[in-house]
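Everything below concerns the one structure shown next.
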Amino acid sequence: MIDKPQDRGAGPGRRPPQRQPGRPTGDGDRRALALDAALACYVRRGIAATSLRDIAREAGITPALLHYYFGDAAGLREAVIGERLMPVFTGIRDTLLGMPDAPLREVIVAFVDGICGMIRRHPWLPPLWIREVVSEGGDLRDLLVTRLAPQIATVLAARFAEEQAAGRLNPGLDPRLLMVSLVGLTLFPAAGTPIWRQIFASDELGIDDIRDHALALIERGLELPA
C-alpha cells in the first residue's frame, strides 16, 4: 500500500517531524492582529482598564500567545506605541522639519493638512488623544511630553517666535499657545464630531469642514502676509 503524503514521517521507527526553531507559521499576521486588537481596546475601554485577556479575546488568540509576543501588558503597550502610534506622527514630523525655509503660511497649512490627513486615515486618533493624553491620569501623556512635543511642538513654537520677531506674525500672539491653538482647531473638534453632528443635525459635518474652518480662522487671526 502506498503511504498517503500526510502519513510520511510517522510510524514505527520514524520520529515525528519537529517544528523548526522560532515563531510559528503566520506569526507576523497574528502579532499584527494582536497590536490592532490592543489599539481597539485602548480606544474603547482605556489603556488602564484593558487587560491582556480583553485583548486576547478581541484578537481571537490566547493570553499565552500575547505573553509570547510581548512579555507582559507593559511590553504590549510599548509595542502599540512604537508600531502603531509613533508611525502615525512620523510623516507630519518629517514634513514640518523638512520646511525650514518655507513661508510660515505653507508650514501652517502643512500642519493642518497633516493632522486632518492622519484623522482621515486613523479615526481612532482623536478619541484616544482625549482619553489618554488630555485627560488627567492618561497613560499616553508621557508620550506627548517626552517624544512628540520635542519633535513637533517645540520646533514649531520656535519658528513662530522667529516669525513674530521679524514682524511677520501678529505680535499679540503667544508662540507657545499658538501651537496649542492649532491642535485645538484640529484634533479637538474631530474628537467631538459625533456631538456636533447631533447638535447641528448635520451628518455630513466632518474632517474636511474642520480643515477648511481651521485654515480660514488661522489666516485671518494670525495676520499672515499674503
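Here is how the numbers come out for the structure above:
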item	result
Qualifying residue in segment 187-197 (condition: under 21 Å from LEU96 (Cβ atoms), aromatic (Phe, Trp, Tyr) and modelled with pLDDT of 90 or more)	yes
Filter result (in a helix (DSSP H, G or I) and buried (at least 17 other Cβ atoms within 10 Å of the Cβ)) within segment 188-226	PRO189, ALA190, ALA191, THR193, ILE207, ILE210, ARG211, ALA214, LEU215, ILE218
Qualifying residues in segment 184-195 (those that are hydrophobic (A, V, I, L, M, F, W, C) and under 19 Å from MET118 (Cβ atoms)) - the one nearest to the chain's Cα centre (by Cα)	LEU187
Set ILE92, ILE119: member being hydrophobic (A, V, I, L, M, F, W, C), touching a residue at least 24 places away in the same chain (Cβ under 8 Å) and farther than 20 Å from ALA157 by Cβ	ILE119
All positions within segment 41-60 that are of a type outside the set (Ser, Thr, Tyr), surrounded by 18 or more Cβ atoms within 10 Å (Cβ to Cβ) and not in a helix (DSSP H, G or I)	ILE47
Segment 134-146: number of residues that are in a helix (DSSP H, G or I) and either on the phi > 0 side of the Ramachandran plot or free of Cβ contacts under 8 Å to residues at least 12 places away in the same chain (or both)	6
Count of segment 88-127 residues which are open to solvent by 30 Å² or more (accessible area, probe 1.4 Å) and part of a helix (DSSP H, G or I)	13
Identity of the residue in segment 147-172, charged (D, E, K, R) and either free of Cβ contacts under 8 Å to residues at least 24 places away in the same chain or under 26 Å from ILE130 (Cα atoms) (or both), that ends up least open to solvent (accessible area, probe 1.4 Å)	ARG147
Matching option when the condition is surrounded by 14 or more Cβ atoms within 10 Å (Cβ to Cβ) and touching a His at 6+ places or on another chain (Cβ under 8 Å), among LEU85, LEU144, LEU185	LEU185
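The values are calculated or read from the model by the stated rules, or taken from the named source; none is laboratory data. Predicted, not measured: the structure shown is a model, and the values here were computed from it. Virtual Cβ from ideal backbone geometry, glycine too; neighbours counted across all protein chains shown. The area values use the complete protein model at the heavy-atom level, side chains included, leaving out ligands, DNA and RNA. Shrake-Rupley method; radii C 1.70, N 1.55, O 1.52, S 1.80 Å.
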